[in-house]
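For reference, the structure discussed in these notes is given below.
The values are calculated or read from the model by the stated rules, or taken from the named source; none is laboratory data. Not measured: the values here are computed from a predicted model. Cβ atoms come from the backbone with ideal geometry, glycine included; neighbour counts cover every protein chain shown. In case anyone asks, the SASA skips ligands and DNA or RNA and just uses the protein heavy atoms, side chains included. Shrake-Rupley method; radii C 1.70, N 1.55, O 1.52, S 1.80 Å.
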Amino acid sequence: MKLLDKIKSEKIYGIIREDDSKKAIELACAYIEGGIKVLELNCPLDVTREISKKTNVIISQGGIITTQQAHQALEAGATIISSPIFQTNLVRFASCYSTFLIPSVTTPNEAYNAWQARMPLIKIYPVAEMGGVEYIREMVKPMPFLNLLPCGFVKIAEIKEYIKAGAQAVGIGRELYAKENYNEIVKTAKEVVEMVRRF
């Protein structure tokens, strides 16, 4: 299954933003135990090296803004590189190395330009600040060909509405690990995974 199809199928793009490697690994393990199979790690590369040893998990290295960072992420075991921006150097890198790049954009014009650059999936960030579900709905109406991944302060209760509005998957982080208790995170992840299976 192609990466895009896998992400569309899973619908949940689990985000972890943590500088403490030990804590980040624990969070990632909780996500995986809870059934989340696509993870974006905004964490040190030793976390990526460790988590990439696990099977049936797709790792996206987040926060990439330079080609050097992109190289390091791939060497560490990331399958996807995710950037908080959309810029030509990373587009060229992705093309040269046949790498799945998820750029971040804010406006419809930027989203269209990313699509023209053949980006398979486009992150809309920070989606909550831009209008949330309604913003995605209004962006997809005139451009149904866009594969959008809303991220940024997304709430668990909103996931279904984002998918109905036209998002291919939903990026969610702090609501998954807000309680900072391993078993609670696993439980929440399982509930979210089970919820999207019913869509």
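Does ALA165 satisfy the criteria of being buried (at least 17 other Cβ atoms within 10 Å of the Cβ), closer than 21 Å to PRO84 by Cα and not β-branched (Val, Ile, Thr)? Here the answer is no, as ALA165 does not meet what is asked. Where helices (runs of 4 or more DSSP H) fall entirely within segment 1-90, those with at least 3 residues that are of a type in the set (A, V, I, L, M) and buried (at least 19 other Cβ atoms within 10 Å of the Cβ) are at 21-33, 67-76.
TYR112 meets each of the listed conditions (1) within 21 Å of VAL186 (Cβ to Cβ); (2) surrounded by fewer than 18 Cβ atoms within 10 Å (Cβ to Cβ); (3) among the aromatic types (Phe, Trp, Tyr) apart from (1). Only residues that are of a type in the set (D, E, K, R) and under 19 Å from TYR13 (Cα atoms) were counted across segment 76-128, and they come to 1. Among the residues that make up segment 39-52, is at least one of them over 30 Å from LYS187 (Cβ atoms) and either hydrophobic (A, V, I, L, M, F, W, C) or in contact (Cβ under 8 Å) with a residue 12 or more places away in the chain (or both)? Within segment 39-52 (the criterion being over 30 Å from LYS187 (Cβ atoms) and either hydrophobic (A, V, I, L, M, F, W, C) or in contact (Cβ under 8 Å) with a residue 12 or more places away in the chain (or both)), the answer is no, since none of the residues qualifies.
Which residue is most open to solvent (accessible area, probe 1.4 Å), if the candidates are limited to segment 94-105 and must be in contact with a helix residue (DSSP H, G or I) (Cβ under 8 Å, 6 or more places away or on another chain) and part of a loop (DSSP other than H, G, I, E, B)? Filtering first and then ranking leaves TYR97.
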